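The values are calculated or read from the model by the stated rules, or taken from the named source; none is laboratory data. Small disclaimer: the values here were computed from a predicted structure and weren't measured. When we count neighbours, we look across all protein chains shown, and the Cβ atoms used for this are built from the backbone with ideal geometry, even at glycine.
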Amino acid sequence: MKRLVLKDLSKTYFDPYAGAHVTAVQEVSLEVKQGEFVSVVGPSGCGKTTLLNMIAGFIPASGGEILLDERAVDGPGPERGVVFQSFALFPWKTVLENVAFGPKIRGLSRTEREKIAREYLDLVGLANVAERYPNELSGGMQQRVGVVRALANNPDVLLMDEPFASVDAQTRMTLQEELTRIWQERRPTIIFITHDVGEAVFLANRVVVLSKGRILKEIEVTLPRPRAWDLLTEDAAFKALSGQVLQLVRSA
């Protein structure tokens, strides 16, 4: 079983505006099991994105270590897929070509990679737009493509940095429901960064509350699946968990 382990992870950098060193993440230790869905939530500036960027290998840690399947993470790699807040699709490639890009880089034949891409597009109801270009799609559709493009490369861990923040509220709820459905069907390991408490609780098996670069608390989410907003909006357990997380975030 492949595990992601963070041990006493820290990140300090020099802020030229403040004229001093700033600690963005300090002594974070966390274990994420294979197939687990973990949301990381906290106020702006608490170190969420910095933490994700270190796990992705985009920036080096100042201290501690990151282990994936007991191997040190020291840079970007295909075993860690990333979905950004911006759609980040190749505008000159079709939807099918965008989703097939990772398998292409892995050396799969055209037949194999297109089969994988079409399978994932069908999973999110976008098989009918496979030959279109990103600028012909709505924002919600583009973000669906971004999610399945990352999944099509079969990463060990999928890192998601507030991926639904740029779409409208209704589309966001739909994307959240689709993501939980995809997770149930495929069971990828997901670390999901958000500042939205309801989103964090709705999506995850476990919510990690971050405060000033440290883990304030970890909360298990045992709400039954499948999850749908029309079922959970008035659910007492969902409200209680959301209230607990919100209280922690506001005190952070």
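Among the residues of the range 156-171, the ones that are at pLDDT below 90 and either surrounded by fewer than 24 Cβ atoms within 10 Å (Cβ to Cβ) or part of a helix (DSSP H, G or I) (or both) come to 7 in all.
ILE191 falls short on exactly one of the conditions (1) under 18 Å from LEU126 (Cα atoms); (2) of a type in the set (A, V, I, L, M); (3) in a strand (DSSP E or B), and that condition is (1). Taking the criterion of being closer than 23 Å to THR222 by Cβ, surrounded by 15 or more Cβ atoms within 10 Å (Cβ to Cβ) and over 15 Å from the mean Cα position of the chain (by Cα), the only residue of the range 19-49 that qualifies is LEU30. The selection criterion, being loosely packed, with under 14 Cβ neighbours inside 10 Å, assigned by TED's automatic domain parsing to the domain that holds LEU210, of a type outside the set (A, V, I, L, M, F, W, C) and in contact with an Asp or Glu (Cβ under 8 Å, 6 or more places away or on another chain), does not hold for GLU70.
Within the range 83-106, residues that are in contact (Cβ under 8 Å) with a residue 40 or more places away in the chain and surrounded by 14 or more Cβ atoms within 10 Å (Cβ to Cβ) have Cβ atoms under 6 Å from residues that are among the aliphatic types (A, V, I, L, M) and in a loop (DSSP other than H, G, I, E, B) in these pairs: GLN85/ALA165; VAL95/ALA130; ASN98/LEU89, counting only partners at least 6 apart in sequence or on another chain. Scanning the range 73-82 for residues that are modelled with pLDDT of 90 or more, surrounded by fewer than 21 Cβ atoms within 10 Å (Cβ to Cβ) and of a type in the set (D, E, K, R) yields one hit, GLU79. Can you name every residue in the range 195-218 that is part of a helix (DSSP H, G or I) and of a type in the set (Asp, Glu)? Of everything in the range 195-218, just one residue is part of a helix (DSSP H, G or I) and of a type in the set (Asp, Glu), namely GLU199. Residues that are acidic (Asp, Glu) number at least 3 in the following helices (runs of 4 or more DSSP H) confined to the range 10-125: 110-123. When the residues of the range 222-234 are filtered to those that are in contact with a helix residue (DSSP H, G or I) (Cβ under 7 Å, 6 or more places away or on another chain) and without any contact (Cβ under 8 Å) to a residue 40 or more places away in the chain, the one that is farthest from LYS11 (Cα to Cα) is LEU232.
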